[in-house]
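The values are calculated or read from the model by the stated rules, or taken from the named source; none is laboratory data. Since the model is a prediction, treat every value here as computed from it, not as a measurement. Neighbour counts are summed over all protein chains in view; Cβ atoms, including those assigned to glycine, are modelled from backbone coordinates with ideal geometry.
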């Protein structure tokens, strides 16, 4: 009787145990090697199961894409062993308050200005290479430095990478919270009040927020007089600002698994919100796909998840689709 009970318990345990697809062993090992992943034996099976589930969802999406059901492709990347909830908590650090009013003057569209049909400030030297915020919710600092770098180039013709760590360490008095989130306008306010920001070379990024402020005015590369907010939700105003001024800091809803594994194409996510914003990025231009200018329009968006993510670190987001993902809800740029 006891033997039969033990056999029953053993069989139940076997069938209840996590199962993995051994046919994916080579793929899993290759992915770990590519992204420098290693695990304690107690957790590897769990991470492998999350990775396999994500892989299945990516393959299903791309199968639907092949039949014209989506405008973008997904692909496995460095976030493959993370659930979407883990991903959001680790990577998305924009702390949006929908009740917060504009802190800077509103953008006034230039008189007699006709924005071109497409703009890409990367081609004009305004944009530094894609950076990597790592697992720190400091996206707001990368969006801020991107806009500052663009404005410095516009004014001086010099492209200098600026210090996100300087912002992470030093802008708490303005309301930012290091790896736990922040706002670009508050970062701009810090640079204005501080009368400068150090270069990336002199104040390198460490992906941590437990260090004291170490700003050194000897390495200051940027001074600003203020910042400008784009009228909320106005994509036409955002387009005119990007065309007239250069790269603009924006916030988006990046909470969806489709964005976690975005790879290429024009990103359009039906569930995306224009008000629940959780990630800060940089619009460096806009354009359209195909011969029809009024057809598939997109924003060229620089992210801070390394060039291993997305389309070499960029995402092309649907433009003129009712402020899709909130790209024009909280947009701003610094004044030099």
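For this structure, a couple of remarks:
- Among the residues of the range 106-126, those that are in contact (Cβ under 8 Å) with a residue 12 or more places away in the chain, in a loop (DSSP other than H, G, I, E, B) and at negative phi comprise 107, 109, 110, 113, 115, 116, 117, 118, 126.
- Hey, residue 103 touching a residue at least 12 places away in the same chain (Cβ under 8 Å), assigned by TED's automatic domain parsing to the domain that holds residue 258, more than 20 Å from residue 229 (Cα to Cα) and touching a helix residue (DSSP H, G or I) at 6+ places or on another chain (Cβ under 7 Å) or not: no
- Residues that are crowded, with 24+ Cβ neighbours inside 10 Å and in a helix (DSSP H, G or I) within the range 240-253 comprise 241, 242, listed in sequence order.
- Scope the range 171-193; condition assigned to a helix (DSSP H, G or I) and either out of contact with any helix residue (DSSP H, G or I) (no Cβ under 7 Å at 6 or more places or on another chain) or closer than 13 Å to residue 144 by Cα (or both); matching residues: 172, 173, 184, 185, 186, 187, 188, 189, 190, 191, 192, 193
- Looking across 207, 147, one residue alone is surrounded by fewer than 17 Cβ atoms within 10 Å (Cβ to Cβ), assigned by TED's automatic domain parsing to the domain that holds residue 89 and modelled with pLDDT of 95 or more. It is 207.
- Matching residues, the range 294-312, being within 9 Å of the chain's Cα centre (by Cα) and at positive phi: none
- Qualifying residue in the range 130-139 (condition: in a helix (DSSP H, G or I) and within 28 Å of residue 236 (Cα to Cα)): yes
- Residues that are out of contact with any strand residue (DSSP E or B) (no Cβ under 7 Å at 6 or more places or on another chain) and either part of a strand (DSSP E or B) or within 29 Å of residue 244 (Cβ to Cβ) (or both) within the range 151-170 comprise 152, 153, 154, 155, 156, 157, 158, 159, 164, 167, listed in sequence order.
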